[in-house]
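For reference, the structure is listed below as C-alpha cells.
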Amino acid sequence: MINNRQTELSSLVRDNIDEILVRIIQFTNIHHNLISENIRGCRTAGFIPMCIDVEDFAKVISVALTEHQKTKRLALCDSRTVTFLQDGEFALEPQVDFEAADLMCTDLQTYMELQKSRLRENIANNKAACTLLYHKINEMNNQVTDNPVENQI
C-alpha cells in the first residue's frame, strides 16, 4: 500500500468541498510519484510498473459528492483500492500495470510516451483542483487576486 504523504493542505479545509479538492490534490501527488517511479525504474532489472486505479478514486469522490448534495454531509467510503484512515489520511493500493509492463518489454519508446501522457494528464488534474481550491478560499475570504495556486506536484 502506498502511504499518503499528505501536504499541509489539510489546514485549508473549511468545508466539505474544500476537503474533496484537497483529497484530489493529494491523490494527484501520489499518482505523480508513482508515474515518476515507473519512468525511473523502467531500465531496472525485475522492475514491474504499477498504476493507481484513477477510475476507482473518481467513483469514491463521485459518491461522496452525491452524498453531499443529498445530505450536506461528506461520506468518504473505502473502495477496492482506496482506504480512508482514522486520522483523516487515506492510502491507495497500487496495481500491476499490465499494459505498461508489456510495452516496457516490447517497445520502450511507446512505454515512455504512455508514462509521459499519464503524467501530463495528472498534472492538468492537479492544476485544476489547485486552482478551484485557490478560488474557493479567496471567495470565502472575499479576496480577489490574480495569483493562481501553484501546482502542488
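The values are calculated or read from the model by the stated rules, or taken from the named source; none is laboratory data. All values reported here derive from a predicted model rather than from experimental measurement. Virtual Cβ from ideal backbone geometry, glycine too; neighbours counted across all protein chains shown.
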request  = Please specify each residue of region 94-112 satisfying the condition of being surrounded by 15 or more Cβ atoms within 10 Å (Cβ to Cβ) and touching a strand residue (DSSP E or B) at 6+ places or on another chain (Cβ under 9 Å).
outcome  = PRO94, ASP97, ALA100
key: Filtered residue count, region 65-90, keeping only those that are aliphatic (A, V, I, L, M) and either loosely packed, with under 11 Cβ neighbours inside 10 Å or modelled with pLDDT of 95 or more (or both)   = 1
task = Being more than 20 Å from the chain's Cα centre (by Cα) and touching a residue at least 40 places away in the same chain (Cβ under 8 Å) is the filter here, so list the residues in region 84-124 that pass it.
result = ALA101, MET104, LEU108, TYR111, MET112
remark   = How many residues of region 87-127 are aromatic (Phe, Trp, Tyr) and either in contact with a helix residue (DSSP H, G or I) (Cβ under 8 Å, 6 or more places away or on another chain) or within 23 Å of ASN29 (Cβ to Cβ) (or both)? The answer is 2
inquiry  = I'd like to check something: does region 39-46 contain any residue that is modelled with pLDDT of 95 or more and touching a Lys or Arg at 6+ places or on another chain (Cβ under 9 Å)?
reply    = yes
query = Residue check: is ASP102 at pLDDT 95 or above and not hydrophobic (A, V, I, L, M, F, W, C)?
reply = yes
